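The values are calculated or read from the model by the stated rules, or taken from the named source; none is laboratory data. Everything quoted here is computed from the prediction, not taken from an experiment. Cβ coordinates were reconstructed from backbone atoms using ideal geometry, including for glycine residues, and neighbour counts include every protein chain displayed. Surface areas here come from the heavy atoms of the whole protein model, side chains and all, with no ligands, DNA or RNA. Shrake-Rupley method; radii C 1.70, N 1.55, O 1.52, S 1.80 Å.
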Amino acid sequence: MKRSQIFTLVYCSSMFVLGFITLLLFLNDPQGSQRSLLFVDQDDYFMDFFNTLNYTADRNPYQVGYGGLVNRNYLPFAYLILYPFSRLGDFINELPKDIRPEQAAMIGCFVFLMISFGMFFYLMYEGKTGKRIEKLFTTLACACSGLILYNIDRANTIILAVAFLWLFLLFYKDENPIYRHIALMGLAISSALKVYPVIFGVLLLYEKRWRDAAWAVLYGLLAVFLPFLFFKEGFAAIPQLLYNVQLNSKKYYGGSFSIVSNHIFDTTNLMSAGFFIAKLLMLFIAAFAWTQKIFWKQILLLTCALLLSPTHSGYYCGLYLFIPLIFFLNEENHSNLDWLYLILFILAVSPLQFHITLPQTKLFREEFDNFMLQNMAVIAIYLCLITETLISSVRRWSLRKSQVAT
């Protein structure tokens with residue numbers, strides 16, 4: 001059995017066992033901690049989808065209205081693709097929560113989730129190497145993750161953003177120029193939906209593919225700016241969008257994934273310093289990841305930078321982790337250190353929910369839960385990767401220096 005198959009078997013077995021335990025605990029106590037996986041707030045399920053329909057229904061998404069300016073912070077492409085769904089109800093004159101129970105609106109939400117997750121899981125299946133049964137079981141194991149279930153609860157456009165990022169990473173090296181351009185469009189769409197995936201464009205620079213990089217920039221500019229023309233204010237809405245983004249960054253401070261998370265630390269000043277360091281580290285990683293010669297580690301470095309650097313990186317953002325996870329499971333030449341990465345991956349995407357009360361301290365929160373554990377697992381992956389990449393870079397530099405000297 002190949003090492004990639006052994007790692008895949010261990011991952012799938014672990015996820016199925018954790019999923020089964022989670023299900024048993026939920027059935028034993030439906031109102032217990034496992035309920036936080038899905039519809040934890042019975043008054044807010046699917047509302048990332050329905051609220052956005054309200055913002056875009058009158059084709060004026062950046063002005064004062066339901067939800068306030070603070071929540072009207074998407075680039076126009078996200079509002080544009082959801083606009084057709086807003087015609088399924090009177091989202092202009094009625095509150096989203098009042099329209100949500102209506103049959104047409106709920107069918108629209110299910111269609112959106114089916115399209116989004118259909119793309120996501122299909123590209124995951126195609127991205128996994130090996131026999132069909134191995135690809136299928138890996139996809140099913142990933143579906144057991146709490147990150148997947150939580151994204152069903154939110155119905156957020158991040159599902160599409162990750163799917164289009166998958167599209168880019170699977171085909172940006174393809175010899176067929178048509179597939180390459182489709183991949184570049186995928187990166188542009190992903191970035192237009194959630195901004196931060198743009199960091200993966202550095203892969204084109206690492207490989208000195210200047211023409212493809214130029215096309216990616218062009219597609220990105222079109223995806224970001226052309227949709228403004230569909231809305232009433234056109235380009236005049238840009239200053240208001242920037243103001244709304246600023247408001248959003250101040251309100252939603254912290255998140256489930258962060259180097260200094262408010263799920264771990266309870267000190268605002270420490271968090272502020274941590275976010276500043278995280279953003280500097282993201283710029284460093286974007287310039288430094290090219291020295292990492294193993295593809296899945298390169299992708300994982302960029303994914304960690306994407307996850308841990310924003311001022312707010314919610315639990316649903318963990319969906320990005322499945323991309324480097326699949327490339328990791330595809331690796332044929334796993335080292336012994338990779339067992340540590342496998343354990344950390346499993347901890348990061350585990351469905352099991354728990355909550356433990358800790359002794360009171362001045363710096364840390366009094367509660368330890370699965371969100372904290374998952375965030376710590378991602379931080380540990382990030383630090384291990386940075387350390388490993390630095391060591392290997394120094395060794396290569398020393399070897400070249402010794403060869404020149406001789």
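Quick notes on this one:
- Scanning region 164-187 for residues that are modelled with pLDDT under 95 and under 12 Å from Met124 (Cα atoms) yields no hits at all.
- Taking every residue in region 188-208 that is more than 23 Å from Gly318 (Cβ to Cβ) and among the hydroxyl-bearing types (Ser, Thr, Tyr) and pairing it with any residue that is surrounded by fewer than 19 Cβ atoms within 10 Å (Cβ to Cβ) and modelled with pLDDT under 95, at least 6 positions away or on another chain, the pairs with Cβ-Cβ distances below 8 Å are Tyr206/Trp290.
- Qualifying residue in region 77-85 (condition: of a type outside the set (Val, Ile, Thr), open to solvent by 70 Å² or more (accessible area, probe 1.4 Å), in contact with a Lys or Arg (Cβ under 9 Å, 6 or more places away or on another chain) and part of a helix (DSSP H, G or I)): no
- Among all positions in region 13-30, there is at least one residue which is over 30 Å from Ser335 (Cβ atoms), part of a loop (DSSP other than H, G, I, E, B) and open to solvent by 40 Å² or more (accessible area, probe 1.4 Å).
- Number of the condition not met by Leu221 [criteria: (1) more than 21 Å from the chain's Cα centre (by Cα); (2) in contact (Cβ under 8 Å) with a residue 40 or more places away in the chain]: (2)
- For region 294-314, a tally of residues being assigned to a helix (DSSP H, G or I) and either under 9 Å from the mean Cα position of the chain (by Cα) or of a type in the set (A, V, I, L, M) (or both) returns 9.
- Residue match in region 132-146 (condition: surrounded by fewer than 18 Cβ atoms within 10 Å (Cβ to Cβ) and either outside any helix (DSSP H, G or I) or in contact with a Leu (Cβ under 8 Å, 6 or more places away or on another chain) (or both)): no
- Residue match in region 36-48 (condition: in a helix (DSSP H, G or I), modelled with pLDDT of 90 or more and of a type outside the set (Lys, Arg)): no
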